[in-house]
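Notes follow the structure.
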Protein chains: 2
Amino acid sequence: MTCPEELDPVRLLTPRAREVLAAARVVLERDGWDTLTMRSLADELGIAAPSLYKHFASKDALRTQLIALALKEFGEGVRPVSGVAALVRAYRDVAAAHPQLYRLATSGSLDRDALPPGLEDWSGSPFLEATGDPHRAQALWAAAHGMVILELDGRFPTGSAPEATWDELVTHFG
Amino acid sequence: MTCPEELDPVRLLTPRAREVLAAARVVLERDGWDTLTMRSLADELGIAAPSLYKHFASKDALRTQLIALALKEFGEGVRPVSGVAALVRAYRDVAAAHPQLYRLATSGSLDRDALPPGLEDWSGSPFLEATGDPHRAQALWAAAHGMVILELDGRFPTGSAPEATWDELVTHFG
DNA sequence: CACCGTAGGCTAACAACGTTAGCCGCGCAA
DNA sequence: TTGCGCGGCTAACGTTGTTAGCCTACGGTG
């Protein structure tokens with residue numbers, strides 16, 4: 001399932017800006033957000049750091065575009081899906097495939113005004129479809145996110161969450 | 001319920017270091033972690049920034065001590081408690097009372113070697129007591145954390161999670 | 001053809017950040 | 001008295017995000 005075109009965040013970017021964004025993705029996933037420096041990103045592109053500001057107003061604006069990209073891709077990666085178990089499984093997998101992007105997209109503040117209107121809702125709608133109820137959807141999403149982010153941050157004693165813990169979650173919401 | 005003395009992270013600190021830590025708490029809750037600067041913290045104490053390094057080896061070491069403090073206090077704030085509903089309620093309240101400290105303590109990497117051994121387990125044990133099963137405990141904790149952190153970061157459309165969403169969570173795990 | 005705006009680079013520089021080096025004064029114990 | 005350690009200080013470094021100002025190539029328009 002692919003994202004409706006009017007929600008595609010890349011749509012409004014100039015071609016060169018898309019290349020910058022793509023490079024930022026690579027560096028992000030390789031180094032993490034805090035280690036992604038305007039200079040290191042510029043190096044990746046073979047240009048000087050200040051040149052980046054021809055394409056993005058600030059590092060934070062770049063972050064917002066990366067988040068928008070993530071919402072699109074995660075939304076696509078989790079759709080189509082039927083049933084809570086499959087949704088949770090897909091959510092988990094898509095996060096594990098791009099851990100740094102996931103963390104960036106789901107942690108800290110979010111500049112909603114800079115996002116294509118409707119993208120955030122579209123990205124989360126599979127949870128609504130799987131549960132049939134808005135509050136159940138929110139609760140399931142929060143639970144799945146909690147599992148993923150704690151696992152990403154190595155907060156479980158075993159390092160990653162045991163399969164049985166995931167099963168527990170699915171059981172309660174299934 | 002109070003934390004066993006041998007788990008108290010403040011125990012090993014010099015008196016002056018405790019004052020620095022207390023000031024850091026104030027500044028953290030007021031400004032947030034990224035805006036807490038070695039210089040701003042020093043200002044709060046009326047000293048110069050480099051002097052802080054007489055008490056903590058780095059900003060990250062300071063962060064670790066704040067996290068240890070948080071584990072202790074959150075563990076205390078949530079105990080004694082009986083039943084899933086009451087635990088979730090207490091968890092939510094204690095996080096809402098110190099949002100910045102909560103975010104700091106539960107996000108990003110954790111230097112376990114610098115924590116009093118057993119503190120992390122002790123802090124999480126109420127979930128084990130309330131559920132009676134390790135995996136259920138982990139799942140419930142992850143779900144509660146997901147709710148709290150998404151709410152703190154303003155990720156719910158309504159700003160904060162509706163009461164009904166919390167009820168949903170409690171219902172499924174109750 | 002001459003013109004000019006725009007896209008996209010560049011260097012130099014700034015302020016703020018975490019951090020280090022090196023120095024100094026006080027108080028207490030041998 | 002001497003020494004030492006605790007807890008301050010200033011000066012400075014490298015790195016960060018960011019700004020200012022300049023230059024070049026190119027694509028359309030008079």
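The values are calculated or read from the model by the stated rules, or taken from the named source; none is laboratory data. Computed from a prediction, not measured in an experiment: that's the story for all the values here. Neighbour counts are summed over all protein chains in view; Cβ atoms, including those assigned to glycine, are modelled from backbone coordinates with ideal geometry. Ligands, DNA and RNA are excluded from the accessible area calculation, which covers all protein heavy atoms including side chains. Shrake-Rupley method; radii C 1.70, N 1.55, O 1.52, S 1.80 Å.
Numbers for the structure displayed
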| read-out | value |
| --- | --- |
| Hits in the stretch B:13-62 - residues which are acidic (D, E), open to solvent by 70 Å² or more (accessible area, probe 1.4 Å) and over 22 Å from B:R112 (Cα atoms) | B:E19, B:D43, B:E44 |
| Residue among A:A139, A:A164, A:A105, A:A95 that is more than 12 Å from the chain's Cα centre (by Cα) and touching a residue at least 12 places away in the same chain (Cβ under 8 Å) | A:A139 |
| Search result, residues across the stretch B:41-52 that are touching a helix residue (DSSP H, G or I) at 6+ places or on another chain (Cβ under 6 Å) and not in a loop (DSSP other than H, G, I, E, B) | B:L41, B:A42, B:E44, B:L45, B:A49, B:L52 |
| Hits in the stretch A:118-173 (condition: within 9 Å of another protein chain (Cβ to nearest Cβ), over 20 Å from A:Y102 (Cβ atoms), charged (D, E, K, R) and open to solvent by 40 Å² or more (accessible area, probe 1.4 Å)) | A:D133, A:R136, A:D167 |
| Count of the stretch B:139-157 residues which are acidic (D, E) and outside any helix (DSSP H, G or I) | 1 |
| Candidates A:A68, A:A96, filtered to the one that is open to solvent by 50 Å² or more (accessible area, probe 1.4 Å) and in the same structural domain as A:A164 (by TED's automatic domain parsing) | A:A96 |
| Residue list for the stretch B:114-138, filter: in a loop (DSSP other than H, G, I, E, B) and within 13 Å of A:P157 (Cβ to Cβ) | B:L115, B:P117, B:G118 |
